[in-house]
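The values are calculated or read from the model by the stated rules, or taken from the named source; none is laboratory data. Computed from a predicted model, the values in this text were never measured in an experiment. Neighbour counts are summed over all protein chains in view; Cβ atoms, including those assigned to glycine, are modelled from backbone coordinates with ideal geometry.
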Amino acid sequence: MPNIVVVGTQWGDEGKGKIVHLLAKDADVIVRYQGGANAGHTVIDSRAEYTFHMIPSGILHPGKTCILGNGMVIDPAALIDEIELLESQQIAVRENFFISHRAHLILPYHRAIERANEKSKGPRRIGTTGRGIGPSYADKMARTGIRMGDLLDPDLFRATLDQNLAEMNLFFNRVYDTESMDLENIFATYCDFGRRLKSHIVDVSLVINDAIDQSKIVLFEGAQGTHLDVDHGTYPFVTSSSSTAGGACTGTGVGPTRINGVVGVTKAYATRVGSGPFPTELNGDASDGLKTRGREFGATTGRPRRCGWYDAVAVKYAVRVNGLSSLAVTKLDVLDGESEIKVCTSYLHDGTQYTDMPFNEAIMHLCEPVYEVMEGWKTPTSGITSYQQLPEPAKRFIAKIEELAGCKVDIVSTGSREDETIILRNPVTGR
Ligand code: GDP
Ligand code: IMO
Ligand code: MG
């Protein structure tokens, strides 16, 4: 039975949460493999609206095993808040919920160093979510990070924290001119977090591989999107993890031979939060229309998302670097009011045409989109559940996405609710 990775093909907020929730119905185990509380997924089921930052949206289906992989960076305070909020909404989180002992911790100094660093960057700032993501991954790679499992060994935890804090406090005092952080306070608070999360902290690679051995179906959930990936995205305006499909292996301890497919979630237009190049970005009324109809405000920071036309160059690139087996197109209904719809097929810079993502940051910032203009449908598609019911121009738009991406569309989403979906083929069941 297929084990599937779900990734974003753009700059995040493609509607991955809705698609994961939908596919999780037919899966047994749902694993998040990278990032942390920088993600924000809004999911609406028959009961209520939920916002997820770390816990996979599959948790809404009773009896599923949900896992936070070793590729994540976890802020235990934010995680406990998320668990308690879901429990207050009558969602049972603590059964079948596991956290990798190898996942790295986000500590208060990570958030502080990120704030100071972003401030000092001026116009080169990334516009991060302020959750301490980058500094925690920096510690991981510098081999000074502290991991979830370390919370269960107070002596080791204290020694590493002491060493890290000594260095951080020098930085705070001498470079950023801010106050030192107190060892005792952080140590006591985090030991308490460790006690509260202890029963969930395990070797998740064992849990997931055992599940696959028993022919259970595993869904790997990527946060952010392809163009925010630290290797393949619009560097340096990216997040600090591997959000593309390869991250599913390193971020969980499951080998590539055990994964059978990759679904790329792609919005029918494009959005981006934070700084960085965005060739199809719109301004003024055109942008406001998409922002309002698509409710394009960040689920984590509340920031308005920058909006633009569908960028087929960016999505074709995502098909390649993720090895996508199919696409899930979301938010088709948001384009309902448009009399014409633009699709970016290449970029132009200084007389050169680019049909693939330029590596050079300066070119990415300055390139002009080349559009193919398509007829809009100007009739509601909202809530449509069958492909046949779609207006002809909408069918042509979907066919154009497939043609330009070189990848078939399995799912079309026509609303935020779980039933507002056209399923041409379910990537998990194959039907
Ligand atoms: P994620 O981070 O990729 O999970 O996406 P977000 O949850 O941050 O943003 C997607 C938003 O669009 C959420 O508020 C969803 O409820 C909503 N959404 C998802 N699919 C559709 C759709 O097909 N149509 C509309 N109108 N909204 C959708
Ligand atoms: P989901 O999973 C959209 C962006 C931030 C910033 C950059 C780096 O909901 O799609 P970070 O805090 O990660 O160091 O910020 O990445 N970013 C996202 N944008 N959706 C997300 O997650 C994002 N997570 C991070 O805005 O530009
Ligand atoms: Mg989001």
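Kindly indicate whether any position in the stretch 111-121 is surrounded by 17 or more Cβ atoms within 10 Å (Cβ to Cβ), outside any helix (DSSP H, G or I) and touching a residue at least 12 places away in the same chain (Cβ under 8 Å). For the stretch 111-121, residues surrounded by 17 or more Cβ atoms within 10 Å (Cβ to Cβ), outside any helix (DSSP H, G or I) and touching a residue at least 12 places away in the same chain (Cβ under 8 Å): absent. Taken over the stretch 90-132, the criterion of being within 16 Å of ligand 3 (Cβ to nearest atom) and of a type in the set (S, T, N, Q) is satisfied by THR128, THR129.
When you scan the stretch 16-39, how many residues do you find that are within 11 Å of ligand 3 (Cβ to nearest atom) and farther than 19 Å from GLY251 by Cα? I'd like the intermediate steps shown before the answer.
Quick first cut of the stretch 16-39, residues within 11 Å of ligand 3 (Cβ to nearest atom) only: 16-18, 35, 38-39.
Going one step further and asking which of them are farther than 19 Å from GLY251 by Cα, we end up with 18.
The total comes to 1.
Within the stretch 369-392, the residues that satisfy the criterion of being among the acidic types (Asp, Glu) and surrounded by 13 or more Cβ atoms within 10 Å (Cβ to Cβ) are GLU372, GLU375. Report yes if some residue within the stretch 138-149 is assigned to a helix (DSSP H, G or I), loosely packed, with under 14 Cβ neighbours inside 10 Å and of a type in the set (Val, Ile, Thr); otherwise report no. Checked the stretch 138-149: no residue is assigned to a helix (DSSP H, G or I), loosely packed, with under 14 Cβ neighbours inside 10 Å and of a type in the set (Val, Ile, Thr).
With the structure loaded, tell me whether ILE67 is buried (at least 20 other Cβ atoms within 10 Å of the Cβ), away from ligand 2 (no atom under 16 Å from the Cβ) and closer than 28 Å to MET357 by Cα or whether it fails that test. No.
Conditions tested, residue by residue: (1) among the β-branched types (Val, Ile, Thr); (2) more than 23 Å from ALA188 (Cα to Cα).
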| site | (1), (2) |
| --- | --- |
| ILE99 | yes, no |
| ILE113 | yes, no |
| ILE126 | yes, yes |
| THR129 | yes, yes |
| PHE157 | no, no |
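State yes or no: is TYR50 surrounded by fewer than 24 Cβ atoms within 10 Å (Cβ to Cβ) and within 14 Å of ligand 2 (Cβ to nearest atom)? Judged against the criteria, TYR50 is a match. The residues in the stretch 301-318 that are part of a strand (DSSP E or B), in contact with an Asp or Glu (Cβ under 9 Å, 6 or more places away or on another chain) and away from ligand 1 (no atom under 15 Å from the Cβ) can be counted, and the count is 1.
Within the stretch 184-207, can one find any residue that is within 16 Å of ligand 2 (Cβ to nearest atom), more than 27 Å from THR128 (Cβ to Cβ) and either crowded, with 20+ Cβ neighbours inside 10 Å or polar (S, T, N, Q) (or both)? No; the residues of the stretch 184-207 include none that is within 16 Å of ligand 2 (Cβ to nearest atom), more than 27 Å from THR128 (Cβ to Cβ) and either crowded, with 20+ Cβ neighbours inside 10 Å or polar (S, T, N, Q) (or both). Where helices (runs of 4 or more DSSP H) sit wholly within the stretch 196-300, those with at least 2 residues that are in contact with a strand residue (DSSP E or B) (Cβ under 6 Å, 6 or more places away or on another chain) and away from ligand 1 (no atom under 16 Å from the Cβ) occupy 204-213.
For residues that are assigned to a strand (DSSP E or B) and over 13 Å from the mean Cα position of the chain (by Cα), scanning just the stretch 1-31, find the one that is farthest from ligand 1 (Cβ to nearest atom). Don't jump to the end; show me each part of the working.
If we filter the stretch 1-31 for residues that are assigned to a strand (DSSP E or B), which is where we start, we get 4-8, 29-31.
After this cut, where a residue has to be over 13 Å from the mean Cα position of the chain (by Cα) as well, the list is 4, 29-30.
Values: ILE4: 16, VAL29: 19, ILE30: 13 Å.
Among residues in the stretch 1-31 that are assigned to a strand (DSSP E or B) and over 13 Å from the mean Cα position of the chain (by Cα), the one farthest from ligand 1 (Cβ to nearest atom) is VAL29.
Within the stretch 74-89, can one find any residue that is outside the structural domain of PRO135 (by TED's automatic domain parsing), away from ligand 3 (no atom under 16 Å from the Cβ), over 20 Å from GLY194 (Cβ atoms) and assigned to a loop (DSSP other than H, G, I, E, B)? So far as the stretch 74-89 goes, yes, one or more of its residues are outside the structural domain of PRO135 (by TED's automatic domain parsing), away from ligand 3 (no atom under 16 Å from the Cβ), over 20 Å from GLY194 (Cβ atoms) and assigned to a loop (DSSP other than H, G, I, E, B).
Within the stretch 208-249, the set of residues being on the phi > 0 side of the Ramachandran plot and surrounded by fewer than 24 Cβ atoms within 10 Å (Cβ to Cβ) comprises SER215 only.
Against the test of being of a type in the set (D, E, K, R), in a loop (DSSP other than H, G, I, E, B) and touching a strand residue (DSSP E or B) at 6+ places or on another chain (Cβ under 9 Å), the options ARG425, ARG396 yield a single qualifying residue, ARG425.
From the list GLY289, GLY323, GLY253, GLY274, pick out the single residue that is of a type outside the set (Lys, Arg), in contact with a helix residue (DSSP H, G or I) (Cβ under 7 Å, 6 or more places away or on another chain) and in contact (Cβ under 8 Å) with a residue 12 or more places away in the chain.
On the way: GLY289 fails: in contact with a helix residue (DSSP H, G or I) (Cβ under 7 Å, 6 or more places away or on another chain); GLY323 fails: in contact with a helix residue (DSSP H, G or I) (Cβ under 7 Å, 6 or more places away or on another chain); GLY274 fails: in contact with a helix residue (DSSP H, G or I) (Cβ under 7 Å, 6 or more places away or on another chain).
After ruling out the rest, the residue left standing is GLY253.
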